[in-house]
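These notes concern the structure reproduced below.
The values are calculated or read from the model by the stated rules, or taken from the named source; none is laboratory data. Nothing here was measured: the structure is a model prediction, and the numbers come from that model. Cβ atoms come from the backbone with ideal geometry, glycine included; neighbour counts cover every protein chain shown.
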Amino acid sequence: MEQAPLIEVRNVKKVYRVGSVDIRALRGVDLIINRGEICCIIGRSGSGKSTLLNVLAGLEHVTSGEIVIAGKRLDKMTQSELIVFRQKHVGFIFQAFNLMPYYTALENVAFPLSFRGMPARKRNALAREALKTMGLETHLKHKPSQMSGGQQQRVGIARALVTDPDIVFADEPTGNLDSNTSDDVMNSICDVMRARNKTLVMVTHDPHMAEFADKVIQILDGKVVSIEYNDHSNSKTKKAEVEQGEETA
């Protein structure tokens, strides 16, 4: 029996009102993402990629259309329902790391678990294991100022994974790193996600980062214009073109 998609996006539109002008950030996006896929949404500045990430993560409401994740209609949820949904199903990795400067690595990673009412001992045990997975078992008591950018992002990845989410959303996760560190961090993210059969949805403007993904979604002017599938077993790429300018009814 074929497994249902983890994420389904159906004719999603997002319009921002700026003064007397309507800005159409998303113009009828249709998309399917399966469980365990590593997906990259790529596009230049202003293409709508960050808006798409935000509506997929339930950080913004769509103007119209449907978003179904794990069988749940995000577009029908209230703000409080979305908060609960994110706590249960979603992890985030940020470009600027977003670590609390006066907390240690262990405390930063354990922090999301406190919202679940988990005892401190169990929180710390899970955080310690997550940091060990990211190769930071010797940095548990280090604060962000005592770590390199790559190490800080690994703490951010551990924090995203510690709640065992179905999906991790990453917004330019290597944007503040040099090229060598970026490759190391992306390899770490992808290895962990594949080992755990988790779904990663990453936004970037960097074509090199897209090479790490299974599915590469090109977005332009608020529409998906192409989807590429990278076969990492033999380095072949197959491409499905989506007609640019085709408006979904």
Odd one out for PHE92 among (1) at pLDDT 90 or above; (2) part of a loop (DSSP other than H, G, I, E, B); (3) not acidic (Asp, Glu): (2)
Where MET202 falls short, out of the listed (1) out of contact with any Pro (no Cβ under 7 Å at 6 or more places or on another chain); (2) of a type outside the set (Val, Ile, Thr); (3) touching a residue at least 60 places away in the same chain (Cβ under 8 Å); (4) not in a helix (DSSP H, G or I): (1)
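Yes/no matrix, rows are residues, columns are (1) over 20 Å from SER226 (Cα atoms); (2) of a type outside the set (Val, Ile, Thr); (3) in contact (Cβ under 8 Å) with a residue 60 or more places away in the chain; (4) crowded, with 17+ Cβ neighbours inside 10 Å:
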site	(1), (2), (3), (4)
GLY36	yes, yes, yes, no
CYS39	no, yes, yes, yes
LYS49	no, yes, yes, yes
GLN79	yes, yes, no, no
ALA110	yes, yes, no, yes
Test: residue in the range 140-162 that is assigned to a loop (DSSP other than H, G, I, E, B) and under 20 Å from GLY36 (Cα atoms): yes
Every residue from the range 97-120 that is more than 18 Å from VAL84 (Cβ to Cβ) and part of a loop (DSSP other than H, G, I, E, B): PHE97, ASN98, LEU99, MET100, PRO101, TYR102, TYR103, THR104, PRO119
Meets criteria (touching an Asp or Glu at 6+ places or on another chain (Cβ under 6 Å) and hydroxyl-bearing (Ser, Thr, Tyr)) for SER226: yes
Any hit, the range 17-31, residues being of a type in the set (Ser, Thr, Tyr), more than 21 Å from VAL168 (Cα to Cα) and in a strand (DSSP E or B): no
